[in-house]
1. What net charge do the residues around ASP77 carry, taking every other residue with its C-beta under 10 Å from that of ASP77, with Lys and Arg at +1 and Asp and Glu at -1?
2. Within the set LYS68/LYS227; LYS71/LYS144; LYS67/LYS90, which residue pairs have Cα atoms separated by over 30 Å?
3. Strictly greater than 19 Å: what percent of every Cα pair in region 95-229 meets that?
4. Using a Gaussian network model of the chain with C-alpha springs under 10 Å, which one of ILE69, ILE45, ILE102 is most mobile by mean-square fluctuation?
5. When every alpha-carbon pair in region 3-88 is counted, what percent end up more than 22 Å apart?
6. Beyond 30 Å, what share of the Cα-Cα pairs of the chain is found? Please give it as a whole percent.
7. Determine the sum of side-chain charges near GLY13: Lys and Arg each +1, Asp and Glu each -1, restricted to other residues whose C-beta is under 11 angstrom from that of GLY13.
8. With contacts defined as alpha carbon pairs under 8 Å and 6 or more residues apart, what's the relative contact order of the chain in percent?
Amino acid sequence: MNIKNALSEKIAGEITLSPKPGQTIRKWRNVFDISQTDLACCLGISPSVISDYESGRRKSPGIQTVKKIIKALIEIDEKHKGSNILHQYKSMFDTDEGILEIMEYPFSIPADVFIKNIDGNVLTSDNIGMNKNVKGFTLLDSIKTIKTINTSDYTHLYGWNTDRALVFTCIQFGRSPMIAVRVHPVKPTVVVYHQPGAVDSLAVKLAERENISLVVTNLPLGELKKKLISIPER
């Protein structure tokens, strides 16, 4: 895998699909831990231009400008930060836990707003986990994850933030993913089952015990992925 190309495509897709591109640019600049001044210097523009893009005062940049911003972020990471972010992403996608997509949101999303956006049906009791926020998601191939994951790999599922949704595809009965979630000390805000064959009642009980919203969505996978990436701020 060419991690630079893969990460560049991922960032470009997030910015393009985002309801607030400026906030998404700021999110990635913060992920790379790069100041507006350093980014602007690399691009040969004024820091106020970056500030205007991120705040929404300036019209969202076109695709060519977005490409230049992404190239600058990666260039600074390589030249001045030891490729720290590139290495982190490579470690995530080189493991075998079945990550199909992973993303941090540029803003916090209330659990109920997140669930409504993906046409989710909540299986757990009323208000379980509904007072929490979702700050990112990880989309997983359930079968591959359960078969291959180990303790060290598990942390990769959470990206940069544990307040997230774990979204499992290829669900048969739904017991194994919730058992895996329960035995690990780090807990997600929401667990989503995509088009499950069935949901074992034990999975619901485990989710309630951990104060996690357990949700089912039957959206086509492509549509679900698009909704997860482009979810709007309330």
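Here, each number is a calculation from the coordinates, and none is a lab measurement. Predicted model only: the values in this text are computed from it and were never measured. Neighbour counts run over all protein chains shown; Cβ positions are idealised from the backbone, glycine included.
1. Residues near ASP77 contribute 0 overall.
2. Cα-Cα > 30 Å for LYS71/LYS144; rest within.
3. Every Cα pair in region 95-229 considered, those over 19 Å come to 42 percent.
4. ILE45
5. 16
6. Values: 7505 of 27261 pairs.
Result for the distance tail: 28 percent.
7. 0
8. Once normalised by length, the contact order is 20 percent.
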